[in-house]
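Working notes, beginning with the structure itself.
The values are calculated or read from the model by the stated rules, or taken from the named source; none is laboratory data. All figures in this text were calculated on a predicted structure; none of them were measured in a lab. All Cβ positions, glycine included, derive from the backbone under ideal geometry; neighbour counts span all protein chains shown. Ligands, DNA and RNA are excluded from the accessible area calculation, which covers all protein heavy atoms including side chains. Shrake-Rupley method; radii C 1.70, N 1.55, O 1.52, S 1.80 Å.
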Amino acid sequence: MSKTRIKTYDRIIQESLKLFNEQGERSITTNHIAAHLGISPGNLYYHFRNKEEIVYQIFTMYREFINQRLAVPEDRKMTVDDLVNYLDTAFLAMWQFRFMFYDLPGMLARNPQMQSEYHQFVNTELKNILGEHFREFIRLGLLRMDEEDIEGVSINIWLVVKFWFAFEQTSRPKAPITEESGHRGVLQVLALLKPYVQPEYMHAFRSLYERHAA
């Protein structure tokens, strides 16, 4: 693959992500993307057969981001600070790829390849990542939680993160969605975790809470 093709290929993905986030995936066509980039539709089709292929590649970027940035560290023990750092990362991912979660069922229905891999990602990779996080925080002594509760609480947290920006859109229809919206989402997740925080860590937990409440 030539350097020119790599550059154009990457530009198509990056600018498509920007357009999708700003205007919604449904309202953007390949012609819109080509015009935005100042290239011919034929040039775009040289790299991608259709819009669904572009969306799929953006999904793989999101998946890689989550798997890399939320992985439990292998070279050190986790600390209390890791809790909010992971939440920050989760909401940052949702912000950077937010268009995917405004109409996720419709998008998956139009993109069978993405649908299959998205379900694999959520039901296997993400589930394992969240489970590892909870077990590490339990071992740390930050949380006290029965093993049987881990999956249920993990799902509740994922639901809040996944739908937070859509919730913000409906609850604050006149306010633009910004990164500040993610701070409110972090507070909501911390509210879910608070009943499980051990007394000796409550002061540190409140400090983390205040970082996003300010």
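Under the definition of Cα pairs under 8 Å and six or more residues apart, what whole-number percent is the relative contact order of segment 1-160?
Numbers: 90 pairs, mean separation 35.5, N = 160.
Taking the mean separation of contacting Cα pairs over the length of segment 1-160, I get 22 percent.
Of the accessible area of segment 38-112, computed with a 1.4 Å probe over protein heavy atoms only, carbon and sulfur atoms account for 51 percent. Seen against the Cα atoms of the chain and their longest principal axis, helix 202-213 is set at about 30 degrees. Classification of segment 1-49 by its C-alpha gyration tensor yields a prolate form. The axis ratio a/c (a ≥ b ≥ c) is 1.5 or more, and a/b outweighs b/c. Centre-to-centre separation between the Cα atoms of segment 117-191 and those of segment 42-114: 15 Å.
Averaged per residue, what accessible area in Å² does the chain show with a 1.4 Å probe, protein chains only?
Accessible area per residue, the chain: 55 Å².
The GluC sites (Glu not before Pro) found in segment 26-88 that occupy coil by DSSP, while having at most 12 further C-beta atoms within 10 Å, are E74. The alpha carbons of the chain give a radius of gyration and a Dmax of 19.4, 62 Å, in that order.
Compared with the dominant principal axis of the Cα atoms in the chain, helix 51-69 is inclined by about 30°. For K18, give me every one of the lysines with a C-alpha distance below 27 angstrom, ignoring sequence neighbours fewer than eight places off in its own chain. Of all the lysines, those that pass the test against K18 - Cα under 27 Å, at least 8 places apart if same chain - are K3, K7, K51, K162, K174.
From helices alone, the chain scores -23000 deg cm²/dmol at 222 nm; the rule is -39500 (n - 2.57) for each run of n ≥ 4 DSSP H residues, then divide by the residue total. Give the cross-link partners of K77 among the aspartates and glutamates, using a straight C-alpha distance below 13 Å as the criterion and excluding same-chain residues fewer than 8 apart. Cross-link targets: E132, E136.
With semi-axes defined as the square roots of five times the eigenvalues of the C-alpha gyration tensor, the equivalent ellipsoid of segment 93-182 measures 27, 20, 10 Å, largest first.
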